[in-house]
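So the structure is just underneath, and the comments pick up after that.
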Amino acid sequence: MSHTFLIEPGRWTLEGTWLERNAMPIPVKGKTLVAWNQDNWFTMVTKLVFPGSEREEITFQYRGHLDEEERLYTFVLQHSELGKVEGEGWIAPQTIVQRYWVLGDKERRSGFEVLHRVDNNKYFHSSGIMAGHYLSSTMEATYERQRN
């Protein structure tokens, strides 16, 4: 099975739950746009909103490069809360796994994301952000591909 999220251009929506340390879970919704150009370079933009909550929205702006075997990728990311971020990803048969780290961060924040392919139009997502050795937030959600 080949992946459709990230590997193909497209529009995706997500819906799930956000959890921060010492807080109750809150709903999260979002949209992601993936685009590709020549030479295996991609851009991805995501916006998360938290309906019914006072939590501010989060935006992600990725630029990345997929290797020639289409199994590994590297990226830079501008994150609205974390700032400048670098990371890497692996594309496995059923999952896409990525890790990232915040550049020049005194709190030593980093994170991870796992996208498990359900079918061509749906992925389950789980992720976490860490400060040092401790989780500070997690998110679980379902991504669904939108028809144009």
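Points to keep in mind about this one:
- Per residue solvent-accessible surface (Å²) - segment 85-148, probe of 1.4 Å: 58
- Total formal charge among the other residues, if their Cβ is under 12 angstrom from that of Pro27, Lys/Arg +1 and Asp/Glu -1: 0
- Cα→Cβ-extended label distance, 7 Å offset, between Glu140 and Glu70, nm: 3.1
- For segment 48-148, applying the loop criterion from DSSP together with a ceiling of 16 other beta carbons within 10 Å to the trypsin sites (Lys or Arg not before Pro) yields Arg55, Arg71, Lys106, Arg108, Arg147.
- Per residue, the average separation of C-alpha pairs within less than 8 Å and at least 6 apart gives segment 56-148 a relative contact order of 15 percent.
- Its Cα centre serving as origin, the chain has a Cβ charge dipole (Lys and Arg +1, Asp and Glu -1) of approximately 280 debye.
- Annotation: Tyr123 carries an accessible surface of approximately 0 Å², with a 1.4 Å probe and no ligand, DNA or RNA atoms counted.
- Solution diffusion estimate, µm²/s, Stokes-Einstein, segment 1-85, Kirkwood Rh from C-alpha pairs, 4 °C, viscosity 1.567 mPa s: 90
- Heavy atoms of the protein chains alone define the surface here; on that basis segment 1-69 has 62 Å² accessible area per residue at 1.4 Å probe size.
- Accessible carbon and sulfur surface of segment 1-114 relative to its total accessible area, %, 1.4 Å: 52
- Asp67, Asp39, ranked by accessible area, largest first (probe 1.4 Å): Asp39, Asp67
- Between Arg108 and Val45, the contour length at 0.36 nm per residue exceeds the alpha carbon distance by 20.3 nm.
- Accessible area (Å², 1.4 Å probe, nearest 10) - Ile7: 50
The values are calculated or read from the model by the stated rules, or taken from the named source; none is laboratory data. Since this is a predicted model, take the numbers as computed values, not measurements. All Cβ positions, glycine included, derive from the backbone under ideal geometry; neighbour counts span all protein chains shown. Only protein heavy atoms, including side chains, enter the accessible area calculation; ligands, DNA and RNA are left aside. Shrake-Rupley method; radii C 1.70, N 1.55, O 1.52, S 1.80 Å.
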